[in-house]
1. Looking only at the stretch 135-142, decide whether some residue is touching a strand residue (DSSP E or B) at 6+ places or on another chain (Cβ under 9 Å), away from the ligand (no atom under 16 Å from the Cβ) and under 18 Å from residue 75 (Cα atoms).
2. Within the stretch 100-119, can you find the residues that are without any contact (Cβ under 8 Å) to a residue 12 or more places away in the chain and more than 10 Å from the ligand (Cβ to nearest atom)?
3. Does the stretch 80-89 include one or more residues that are out of contact with any Lys or Arg (no Cβ under 8 Å at 6 or more places or on another chain), farther than 24 Å from residue 186 by Cβ and without any contact (Cβ under 8 Å) to a residue 40 or more places away in the chain?
Amino acid sequence: MGVSGLDENSKLKIRESTESDRSAIDAIHMNAFGQPEGQEIVDLVNDLLKDETAKPLLSLVAEKDGKLVGHILFTTARLQPGNEETIIRILAPLAVSSENQGEGIGGGLIKEGLKQLAESGVDLVFVLGHPHYYPRFGFQTAGLLGFEAPHTIPSEHADAWMVQALKTGGLAGEKGRIQCSKILDQPQHWRE
Ligand SMILES: CC(C)(COP(=O)(O)OP(=O)(O)OC[C@H]1O[C@@H](n2cnc3c(N)ncnc32)[C@H](O)[C@@H]1OP(=O)(O)O)[C@@H](O)C(=O)NCCC(=O)NCCS
């Protein structure tokens with residue numbers, strides 16, 4: 001699948017990850033986040049892929065000229081107090097190999113992920129990330145809309161906690177605390 005803005009000759013393909021992609025995915029996160037954070041993210045990804053409370057999940061890779069250059073993971077979360085009918089995912093983590101950053105690959109992974117999640121009936125997608133990056137893909141500050149993060153976000157970083165509704169009117173009447181998967185629910189993953 002092509003990604004808009006990318007040279008058609010660059011042969012970028014976005015697809016679901018498979019078991020045999022695991023070491024290449026580790027290498028992308030290690031490269032993109034550097035040390036010591038890289039190892040923490042690699043462990044997070046591997047643990048999330050095994051975490052039953054994170055399922056269903058969506059794990060996509062970007063492949064350029066046959067080499068994996070990007071990875072994005074969306075895992076299941078729930079709204080507290082419980083409204084089991086609201087289907088929620090959290091985007092974490094996202095990484096693009098340093099030599100391929102700035103080519104639209106991260107954006108391509110986000111857009112393709114959101115498209116697939118919308119098709120599968122997901123209502124809300126949350127992310128804790130760069131407030132200058134994610135709004136261009138439709139995310140907006142979640143705290144102002146009444147959605148509390150699983151762990152307290154310091155007020156100076158409040159705008160890093162963002163949400164996007166994938167259905168028209170999806171934010172109406174919804175509020176509460178987001179309960180993420182067991183593995184993601186550790187304070188070190190909620191520092192911004
Ligand atoms: C953030 C990241 C995934 C973006 O992927 P990418 O393929 O480089 O992004 P795109 O090409 O789609 O978009 C490039 C834009 O992202 C911005 N961007 C990249 N890294 C950024 C960062 N750390 N903070 C804010 N903006 C960033 C660039 O400034 C650029 O903006 P511009 O279009 O206004 O020039 C990638 O840079 C990365 O892996 N960084 C290291 C790991 C990381 O921080 N992951 C995100 C966790 S929330």
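Throughout, read-outs are computed from the coordinates displayed, never taken from laboratory work. The model shown is predicted, which means the values in this text are computed figures rather than measured ones. Using ideal geometry, Cβ is built from the backbone for each residue, glycine included, and neighbour counts are taken over all protein chains shown.
1. For the stretch 135-142, residues touching a strand residue (DSSP E or B) at 6+ places or on another chain (Cβ under 9 Å), away from the ligand (no atom under 16 Å from the Cβ) and under 18 Å from residue 75 (Cα atoms): absent.
2. 115, 119
3. yes
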